[in-house]
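Remarks on the structure that follows.
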Amino acid sequence: MATATDTLRYRQVIGHFPTGVAIVTCNGPDGPTGLTTNAIASVSLEPLLLLVCFDNTSRTLPAVRQSRRFAVNVLRAGQDDLARVFASKRVARQKFDAVTHMDAHGVPVLDGALAWLACDLTELHAAGDHTIGIGAVTHMDADPGGEPLVWFRGAYGTFA
């Protein structure tokens, strides 16, 4: 079992791997819900599959389990305040007060996102304090001219 020192050191070391920042959204029984994550990855091109890691204590995970659909909204440079809102423990209604969105293909898609992918949940796998979700991509779009929000060494930034 990892000690608190191991956990802190792991976060420091893995923080040297720069990632994009995304907000995973879905329509839950009480309306739209979502969370900020940098734990997403392309899994397969045939079929189109995407991996998302959910903290087991998140309120979004049960909603994804129930709805069997989710969207990954890739954030653009300058959306770090939005990332912080969705990373907080605010109730979903308060999180969605911070951004307008549309319902596209059965999932909430955030206005201003750099890119988005709508997915059908195909699998869930327990993995320590997280659950890995695999989604089959059904719809997607992107802004070809935008710049991504990046997470590196525990802080938001850009490529510049």
Apart from one, (1) exposed (fewer than 14 other Cβ atoms within 10 Å of the Cβ); (2) within 15 Å of the chain's Cα centre (by Cα) all hold for Phe96; the odd one out is (1)
Which pairs do you get when a residue that is at negative phi, found in region 123-144, comes within reach of a residue that is exposed (fewer than 11 other Cβ atoms within 10 Å of the Cβ) and in a strand (DSSP E or B), reach meaning Cβ atoms under 9 angstrom, with the pair 6+ apart or on two chains?
Ile132/Ala126
So, in region 3-31, how many residues would count as being hydrophobic (A, V, I, L, M, F, W, C) and surrounded by 17 or more Cβ atoms within 10 Å (Cβ to Cβ)?
5
Can you tell me which condition Val109 does not meet? The list is (1) under 12 Å from Thr25 (Cα atoms); (2) out of contact with any Phe, Trp or Tyr (no Cβ under 6 Å at 6 or more places or on another chain); (3) part of a strand (DSSP E or B); (4) touching a residue at least 24 places away in the same chain (Cβ under 8 Å), and all the others hold.
(2)
Six or more apart or on different chains, Cβ atoms under 6 Å: show the pairs whose first residue is in region 3-27 and farther than 24 Å from Gly135 by Cα and whose second is open to solvent by less than 80 Å² (accessible area, probe 1.4 Å).
Gly15/Gly154
Can you name every residue in region 34-55 that is over 25 Å from Lys89 (Cβ atoms) and not aliphatic (A, V, I, L, M)?
Ser42, Ser44, Glu46, Pro47
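The values are calculated or read from the model by the stated rules, or taken from the named source; none is laboratory data. Not measured: the values here are computed from a predicted model. In this analysis, Cβ positions are derived from the backbone assuming ideal geometry, glycine residues included, and neighbour counts consider all displayed protein chains. Remember, those area values only see protein heavy atoms, side chains included, never the ligands or the DNA or RNA. Shrake-Rupley method; radii C 1.70, N 1.55, O 1.52, S 1.80 Å.
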